[in-house]
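Written out below as structure tokens is the structure these notes cover.
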Amino acid sequence: MVSGMSTPDMTVPMALPATDSRAVAATVRETHSVSIENVSVSYPIANKARRTVLENISLKIEEGEFVVLLGETGCGKSTLLRMMLGQERPTSGQISVAGSVVERVDARSGYVPQRYSLFPDRTVLENLCMGPETSKYHILGRLLPGFRAFRREVRAEACRQLAHMGLQQSDASKYPHQLSGGMQQRVAIAQTLMMKNRVLLMDEAFSALDPATRSSLQRLLRNVWQETRPTVVFVTHNTAEALYLGTRVVVLARASREDSCGSHVALDLKLADSGMSLRTHGQQFLDLVDHVDSFSRGDRKTTLDVSSEELEERTLISHGEKQI
Ligand SMILES: Nc1ncnc2c1ncn2[C@@H]1O[C@H](COP(=O)(O)OP(=O)(O)O)[C@@H](O)[C@H]1O
Ligand SMILES: [Mg+2]
């Protein structure tokens, strides 16, 4: 790991007594959680009216959770993710990361979009090194004696990340246009991991890929998450992907098509850590996809509509006793 590359941890008091382990645990848990409190978003439309996109969303995402935001196209998933990153502000309510309110683009969170996140005129290696180098040394600082050693360290870390993402060392000198879509997304993930962010925000990051590349990147992402347990918020409209990746699936849906009606949390489902797929869980998996899809389509208005049998199922899943 490259020293000095991690994001400054503003909420961990430096002088915390080493013996107070409970206090340390509580602070660390707060450090990488995401809290969404009563967030609503609306945009002006014609005749001074407004269109509500999100309505009273409240979610507490704990340190190390892998949350998948699922919902039909246009339901406001990207809008919510952009607000977690700080690219946009909610119309009302607030979002906090690591216990502090997100007010501008938040360098504590890593972000992977669907595509085009690499600088086209820089090589893979330059793309990977740029973030750590610019965050630690401004242009004049590069004349300082420590910079060369730091740069060597960053380059070594970039090579490790490339290998970790299943890329060859020979890919390091290529430009993005010389890579397939799948390879570009591998580099985009490596670029984010270089910054050692403990919160990763990913928006339809695999949607533009062919099915085989997509499943190999899904496996890769799960492995990365299992190794270092960052807090992940992953947006998708693909239910099978959500159930395979997430430890928690949050479905956003609108109760009606009216402009005044924004998406709400229609389902908040905790899953066992192992990841579910058709291959491993057969018909049970297909049944769960149907179940989740019915919330996504808005067929079920609120989580309160879940029958007692389903509630029992949710509880079992959430405690990992029933491996669907
Ligand atoms: N800046 C904006 N101005 C007006 N409407 C917006 C803006 N950003 C998003 N929207 C609208 O919000 C809705 C939700 O968009 P989005 O979050 O991209 O949905 P999703 O990611 O779920 O497909 C869309 O109807 C979109 O047109
Ligand atoms: Mg989107």
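Taking the criterion of being of a type outside the set (S, T, N, Q), over 30 Å from residue 274 (Cβ atoms), part of a strand (DSSP E or B) and within 16 Å of ligand 1 (Cβ to nearest atom), the residues of the stretch 32-49 that qualify are 39, 41, 43, 44. For the stretch 109-127, the count of residues that are polar (S, T, N, Q), touching a helix residue (DSSP H, G or I) at 6+ places or on another chain (Cβ under 6 Å) and modelled with pLDDT under 95 is nonzero. In the stretch 242-275, of all residues being buried (at least 23 other Cβ atoms within 10 Å of the Cβ) and in a loop (DSSP other than H, G, I, E, B), the one that is nearest to ligand 1 (Cβ to nearest atom) corresponds to 262. Under 16 Å from residue 76 (Cβ atoms), surrounded by fewer than 16 Cβ atoms within 10 Å (Cβ to Cβ) and outside the structural domain of residue 172 (by TED's automatic domain parsing) - does that describe any residue in the stretch 234-241? Taking every residue of the stretch 234-241 in turn, none turns out to be under 16 Å from residue 76 (Cβ atoms), surrounded by fewer than 16 Cβ atoms within 10 Å (Cβ to Cβ) and outside the structural domain of residue 172 (by TED's automatic domain parsing).
In summary, residue 56 fulfils each of the numbered conditions (1) away from ligand 2 (no atom under 16 Å from the Cβ); (2) under 18 Å from residue 231 (Cβ atoms) with the single exception of condition (2).
What are the residues in the stretch 75-103 that are more than 16 Å from ligand 2 (Cβ to nearest atom), over 14 Å from the mean Cα position of the chain (by Cα) and free of Cβ contacts under 8 Å to residues at least 60 places away in the same chain, if any? If you could, list the steps in order and put the result at the bottom.
Step one: filter the stretch 75-103 for residues more than 16 Å from ligand 2 (Cβ to nearest atom), giving 86, 89-103.
Filter once more, keeping what is over 14 Å from the mean Cα position of the chain (by Cα): 89-96, 98-103.
Of everything in the stretch 75-103, those that are more than 16 Å from ligand 2 (Cβ to nearest atom), over 14 Å from the mean Cα position of the chain (by Cα) and free of Cβ contacts under 8 Å to residues at least 60 places away in the same chain turn out to be 89, 90, 91, 92, 93, 94, 101, 102, 103.
Among the listed residues 234, 206, identify the single one that is assigned to a loop (DSSP other than H, G, I, E, B) and within 16 Å of ligand 2 (Cβ to nearest atom). Only one candidate qualifies: 206. When residue 193 is tested against (1) surrounded by 20 or more Cβ atoms within 10 Å (Cβ to Cβ); (2) hydrophobic (A, V, I, L, M, F, W, C); (3) modelled with pLDDT of 95 or more, just one condition goes unmet, and that condition is (3). Just one of the listed residues (133, 72) is more than 14 Å from the chain's Cα centre (by Cα), surrounded by 15 or more Cβ atoms within 10 Å (Cβ to Cβ) and within 12 Å of ligand 1 (Cβ to nearest atom), and it is 72. Of the residues making up the stretch 163-190, those that are crowded, with 19+ Cβ neighbours inside 10 Å and either closer than 16 Å to residue 115 by Cα or touching a residue at least 60 places away in the same chain (Cβ under 8 Å) (or both) are 176, 183, 184, 185, 186, 187, 188, 189, 190.
Within the stretch 117-125, is there a residue that is under 26 Å from residue 233 (Cα atoms) and in contact with a Ser or Thr (Cβ under 9 Å, 6 or more places away or on another chain)? Checking the stretch 117-125: at least one residue is under 26 Å from residue 233 (Cα atoms) and in contact with a Ser or Thr (Cβ under 9 Å, 6 or more places away or on another chain).
The values are calculated or read from the model by the stated rules, or taken from the named source; none is laboratory data. As the structure is a prediction and not an experimental result, all values here were calculated from the model. A quick note on method: Cβ atoms are made from the backbone with ideal geometry, for glycine too, and the neighbour counts reach across all protein chains shown.
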